[in-house]
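Here is the structure we will look at, set down as structure tokens.
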Amino acid sequence: MFSGIIDRVAEVASAEREGSALRLTLDAGYSDLSLGESVAVNGVCLTVVRHDATGSADFFVSHETLARSNLAGLAPGGAVNLERAVSLSTRLSGHLVQGHVDGKARVLAVESEGDARRVSLRLPGELYPYCVEKGSIALNGVSLTLNSVARPGPEGGFEVSLVLIPHTWAHTNLQHVRPGDELNVEVDVLAKYVERLCHAYLTPSHA
């Protein structure tokens, strides 16, 4: 479990295909990792399969994860957001983030608003029920607040916008996003649980 508060931005050292999977090596900068530890990489929960005292770490990225996230597009020199799993004594400054990507958002625009940045994105239509104004969302693992949520269009997708404060802009890889880029999306897991619990109280419709 994570909180969406990024620890650091790491550089991709290598991204080598192993069949349909990927071995990702990062200059993570953590000297005290453990084998089997979970780390969120661009919001995707991955397992440490190798590490050393210099902070280098390897992660195995499965075919399923490559298909559902933007990790397939990583290349040496790229930047990824990192967050280690929360502990019971951690302040939950963001929101509950599982590291399970629900879809990908396409960046439509990045506009300056004083020292902040307003980012507009298009999300898959199936995520619309879980997105509300002032609700939580994770983009590339960053806990953010939705400022506006438009209704889905005829094609099924819908647009949202949010504001990145200067600290978030400077301390995450969102500072590199450009229109057309894809970001990993995780909607609020509490909304998904509420939806499932409410199914038992819904009355079937009759034709």
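The values are calculated or read from the model by the stated rules, or taken from the named source; none is laboratory data. In this text the structure is predicted, and so the values were computed from the model without any measurement. FYI the Cβ positions are ideal-geometry reconstructions off the backbone, even for glycines, and counts take in every protein chain you see.
Couple of notes before you dig in:
- Filtered residue count, the range 92-118, keeping only those that are free of Cβ contacts under 8 Å to residues at least 24 places away in the same chain and either within 15 Å of S38 (Cβ to Cβ) or assigned to a loop (DSSP other than H, G, I, E, B) (or both): 1
- Unmet criterion (only one of (1) in contact (Cβ under 8 Å) with a residue 60 or more places away in the chain; (2) over 16 Å from G94 (Cβ atoms); (3) surrounded by 20 or more Cβ atoms within 10 Å (Cβ to Cβ)) for H176: (3)
- The set of residues from the range 89-135 being at pLDDT below 95 and among the polar types (S, T, N, Q) comprises S89, T90, S93, Q98.
- Test: residue in the range 71-86 that is in a helix (DSSP H, G or I) and either touching a residue at least 60 places away in the same chain (Cβ under 8 Å) or crowded, with 18+ Cβ neighbours inside 10 Å (or both): yes
- Matching entry among T90, T25 (being outside the structural domain of L174 (by TED's automatic domain parsing), over 17 Å from V142 (Cα atoms) and either out of contact with any Pro (no Cβ under 9 Å at 6 or more places or on another chain) or hydroxyl-bearing (S, T, Y) (or both)): T25
- The residues on offer are V80, V49, V41, V61, and the sole one that is farther than 25 Å from D188 by Cα and not assigned by TED's automatic domain parsing to the domain that holds V187 is V49.
- Condition met for G141 (of a type in the set (G, A, S), surrounded by fewer than 18 Cβ atoms within 10 Å (Cβ to Cβ) and closer than 22 Å to G103 by Cα): no
- Residue list for the range 145-170, restricted to those being among the charged types (D, E, K, R), assigned to a loop (DSSP other than H, G, I, E, B) and surrounded by 15 or more Cβ atoms within 10 Å (Cβ to Cβ): none
- R196 in contact (Cβ under 8 Å) with a residue 12 or more places away in the chain, among the basic types (K, R) and either in a helix (DSSP H, G or I) or surrounded by fewer than 17 Cβ atoms within 10 Å (Cβ to Cβ) (or both): no
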